[in-house]
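These notes concern the structure reproduced below.
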Amino acid sequence: MKPLPMTEPAAISPRPAIPALWSDYLQLLKPRVMSLVVFTALTGFVCAGAPSNPLLAGVAILCIAVGAGASGALNMWFDADIDAKMRRTRGRPVPMGKVLGAEAATMGVVLSLFSIMLLGMTTNWLAAGMLAFTIFFYVVVYTMWLKRWTPQNIVIGGLAGALPPAIGWAAATGEAPLNAWLMVLIIFLWTPPHAWALALYTSEDYAKVGVPMMPVARGAASTRKQIFLYSLLFTPVCLVPAFTGLGGPAYLAIAAAGALVFLLLAWRVFRSKAGDAPDERLDGEDRLYAVRAGAKDARNLFAFSILYLTLLFAALLGEHLLGVAPLELLK
């Protein structure tokens, strides 16, 4: 299929008669995504192991959270035209007419500048520069270009969502060593099987707005195969922190057990028919987990992928907070 041409973001509606609620502006920040960013950035900050002022540490994590929220607001501004047509996103504030696109864009730009400058002044400019790059990459490279142009959009664009641990580490120490980038790599390789599992049972949404997600552009069978191949790359990398002095025994146990489950679920997706037929949910069934029988294998992998990534970073965070000695199996 031809990719959707580059266009200006659509003007969704005139200003509503009833003013927007504070919760509408909060929704612009994509709080669910922001919570994952905060969690992984905090893990990177703590794993750096550098002594820090608790107040400055809190400011650093706040800046990273605000930067992630700013990216979300700018994404909702630009994507309002397609969000209005997709079942999963049509309830967002801009397509619903609760918040004007110009307001979302202004909010995104102001929060971006605020978070970058405050992070630079309170920690260091390496962390601030990495945050600026992340916002630019997500908004300009992914949202404005890759998303509507290539089925590899989520693979390349996933770098933006993978960088928070390295930003947190850099905020703590002023540098980003190998272990920081190892956490980035884990999230980067996690993103394709996670996102494509979701896309297998929401592909009709992407198809009707011309976004070339992998199931739309290459078909469900190819997507299922690529999910399994990426899972074969992703799961061994999850074990590596135990060999580099980053992870300890709890981390290794969780990573190994979770990897086996992840591979089993990915194999079941590969062998399934998920995505071969539209997931014809009833009108109003907008929830991510409300799927028909044919898509349950993809739904299960999507759900477990969130749990697995959470457990991996929780293990790293917990071990470093408790002072558990890393394994350093390569020594």
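The values are calculated or read from the model by the stated rules, or taken from the named source; none is laboratory data. All values reported here derive from a predicted model rather than from experimental measurement. Using ideal geometry, Cβ is built from the backbone for each residue, glycine included, and neighbour counts are taken over all protein chains shown.
Selection over the stretch 149-169 of residues that are in contact (Cβ under 8 Å) with a residue 60 or more places away in the chain and aliphatic (A, V, I, L, M) gives a count of 4.
Does Val155 fit the bill of being under 25 Å from Gly219 (Cβ atoms) and not acidic (Asp, Glu)? When the stated conditions are applied, Val155 passes them.
The helices (runs of 4 or more DSSP H) located wholly in the stretch 42-128 that include 2 or more residues which are among the polar types (S, T, N, Q) and under 20 Å from Thr173 (Cα atoms) occupy 101-122. For the stretch 142-160, taking the residues that are surrounded by fewer than 21 Cβ atoms within 10 Å (Cβ to Cβ) and in a loop (DSSP other than H, G, I, E, B), the one that is nearest to the chain's Cα centre (by Cα) is identified as Gln152. Only one entry in Leu182, Leu198 is out of contact with any Gly (no Cβ under 8 Å at 6 or more places or on another chain), at pLDDT 95 or above and hydrophobic (A, V, I, L, M, F, W, C), namely Leu182. Look at (1) assigned by TED's automatic domain parsing to the domain that holds Lys30; (2) in contact (Cβ under 8 Å) with a residue 12 or more places away in the chain and you find that Leu146 fails only one, number (2).
Look through the stretch 102-141, keep the residues that are farther than 21 Å from Ala57 by Cα and of a type in the set (Val, Ile, Thr), and return whichever of them is nearest to the chain's Cα centre (by Cα).
Start the filter on the stretch 102-141 by keeping residues that are farther than 21 Å from Ala57 by Cα, which leaves 102-110, 136-141.
Remaining after also requiring of a type in the set (Val, Ile, Thr): 106, 109-110, 139-141.
Working: Thr106: 23, Val109: 20, Val110: 22, Val139: 13, Val140: 16, Val141: 15 Å.
Taking the candidates together, the pick is Val139.
Only one residue in Thr89, Thr150, Thr143 is among the hydroxyl-bearing types (Ser, Thr, Tyr), within 25 Å of Gln226 (Cβ to Cβ) and in contact with a Phe, Trp or Tyr (Cβ under 7 Å, 6 or more places away or on another chain). Which one? Spell out how you get there, then give the answer.
Details: Thr89 fails: in contact with a Phe, Trp or Tyr (Cβ under 7 Å, 6 or more places away or on another chain); Thr150 fails: in contact with a Phe, Trp or Tyr (Cβ under 7 Å, 6 or more places away or on another chain).
The unique qualifying residue is Thr143.
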